[in-house]
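The structure appears right after this line, and notes come after that.
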């Protein structure tokens, strides 16, 4: 707008440059009649009140006052006369003052034109034509017409009432939100109360599990930390894939503790239990003579409830599962010993009887019929379980052995588990059978010697036949209850006759289950006259017969 | 370990203090003095948010109790089972069992 100032001045400059000393009379005379009339009305009021007399009187008064005024002026002039020279302003001073006045007028003009522009702009909003006509070209150029608007704003007439309204609204809002907050707190509290009850349920279950001496641990399963229970035999030396780790979880509704197997179940697993049956071979017929009784084992699980029982049950069936798995694994290596393995059945052929190990579901478990060998079947299944425990213990002991240094020269071959579950039964069974046949051989020889006198033979055998079983084992010193089972059987038969001492040493091997017979003959003086190793009972018989007949000549 | 528990304790303290503070705030915000309508609107929302915060803090306290319980449970060691039996007797029993199982000659009653 500052630039505008000068432009405006130029319009009015000629007017201002004219002698500004226009006096009143001239001014009035120059006015056109309508304006003059309007001015008179403004000064004097309506023409109705103006009379000639009044005017004359006025003029006279005016002239009178003028005369007195001139008189006064004259007096002043006279008084001032002595200092006229000094007080008369110089021309420069005069122009200076004049310039000041002009400047003031200019700024007044500027201000007023600005105000005009402002008002024009304001009007242009309502009536664009009227507004734009009085606008300065500069404004028109730069500002869009009608861009300034105004409105009438009533000042709040009753602040007290307004405040009351606001506080009423505020009160309503606050009441509403307080109600909502209260409802939220209330529902949350009842929800949390339920939650706390669930928590209590869960943790009391947890304490119960702890009190039943289960191992509770935390594990990272699928990247989340879970509280787990170790119910399996993983830490007890089991090498089975399922280490028996259960995640302890909280039931979403009741909050009760329950557990879930952490091992990914490939398929629906069914609890199964190992059952033992004994059949008797009678020529072509096979008769069932004994069956293990599994009912008492399962009864405990059926009676009780709760998570502890569930854990115990899971442990039990895990063991059964592993047992059968290990049995099958072993049975597959025992084909040479007349053991056949099927999917859920292992048949052990023991010459005159057959042991059948099967896996059955708990639903099928029933008390066996009263059979003569039931007890033995029971003992066999106990034996199998014991053997698995022994296997676990052996594994555990192996783990405790500190690892050998790699640079030792004598690298021991990798320790393979020599304990087996079924093998000892077969080996010992065969050994016993061989022992019996050797005994029969010896008996027949004595019978020959006494010329078929049975009572005499019996007496002689009772007196002179000494059978020393299990002579190879170190069980006398070892404290391991499984010392005998883990060593192959060996027996010594000593038979003294009048002239000879017959000693037969039977040694069986775990690998083949065949017995090696070492026959030693000593004469009276104690010197060995025959020492031969034989592989078959028939050979032994022939050899002995020959030796007894010809011992004098040897 | 002790650092963990001091942090838990301080969390409990903090949460309790915050709960009280938030409750205090709610009461303070409920006053309807000469405030503008806008203030009222904001304060009404603040009341609800404070209530929600109280709920959240309480839930955190519950989570802390859970954490403590878990720490306690995991710190427990099961009692070792004391089980002593004569090894000789055990050995004899096992040997007898083997005899019966393998031969079936000895009557089970003898065990």
Quiz item: Which number in (1) within 7 Å of chain A (Cβ to nearest Cβ); (2) more than 20 Å from residue A:179 (Cβ to Cβ); (3) surrounded by 15 or more Cβ atoms within 10 Å (Cβ to Cβ) marks the one condition that residue B:34 misses?
Solution: (3)
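Matching residues to (1) in contact (Cβ under 8 Å) with a residue 60 or more places away in the chain; (2) over 20 Å from the mean Cα position of the chain (by Cα); (3) assigned to a helix (DSSP H, G or I):
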| site | (1), (2), (3) |
| --- | --- |
| B:7 | no, no, yes |
| B:18 | no, yes, yes |
| B:21 | no, yes, yes |
| B:35 | no, yes, no |
| B:40 | no, yes, yes |
| B:82 | no, yes, no |
| B:95 | no, yes, yes |
Quiz item: So, in region A:207-222, of the ones that are under 13 Å from residue A:312 (Cβ atoms) and surrounded by 14 or more Cβ atoms within 10 Å (Cβ to Cβ), which residue ends up farthest from the other protein chains (Cβ to nearest Cβ)?
Solution: A:208
Self-check item: Answer from A:198, A:230, A:243 - the residue that is in contact (Cβ under 8 Å) with a residue 12 or more places away in the chain, under 30 Å from residue B:49 (Cβ atoms) and surrounded by 14 or more Cβ atoms within 10 Å (Cβ to Cβ)
Solution: A:198
Quiz item: Within the set of pairs 6 or more residues apart or between chains, which connect a residue that is facing chain B (nearest Cβ under 7 Å) and closer than 19 Å to residue A:383 by Cα inside region A:476-492 to a residue that is modelled with pLDDT under 75 and crowded, with 17+ Cβ neighbours inside 10 Å with Cβ atoms less than 9 Å apart?
Solution: A:482/A:419; A:483/A:473; A:483/A:475; A:484/A:470; A:484/A:473; A:484/A:475; A:485/A:419
Quiz item: Would region A:348-362 turn up any residue that is more than 14 Å from chain B (Cβ to nearest Cβ), loosely packed, with under 14 Cβ neighbours inside 10 Å, closer than 27 Å to residue B:94 by Cβ and touching a strand residue (DSSP E or B) at 6+ places or on another chain (Cβ under 6 Å)?
Solution: no
Self-check item: Condition broken by residue B:40, with the remaining ones in (1) facing chain A (nearest Cβ under 10 Å); (2) touching a helix residue (DSSP H, G or I) at 6+ places or on another chain (Cβ under 8 Å); (3) under 30 Å from residue A:248 (Cβ atoms) satisfied
Solution: (3)
Quiz item: Which of the residues spanning region B:67-78 are in contact with a helix residue (DSSP H, G or I) (Cβ under 8 Å, 6 or more places away or on another chain), loosely packed, with under 15 Cβ neighbours inside 10 Å and at the interface with another protein chain (Cβ under 7 Å from one of its Cβ atoms)?
Solution: B:76, B:78
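The values are calculated or read from the model by the stated rules, or taken from the named source; none is laboratory data. Everything numeric here is computed off the predicted structure, so don't read it as measured data. Note that each Cβ is placed from the backbone with ideal geometry, even for glycine, and that neighbours are counted across all protein chains shown.
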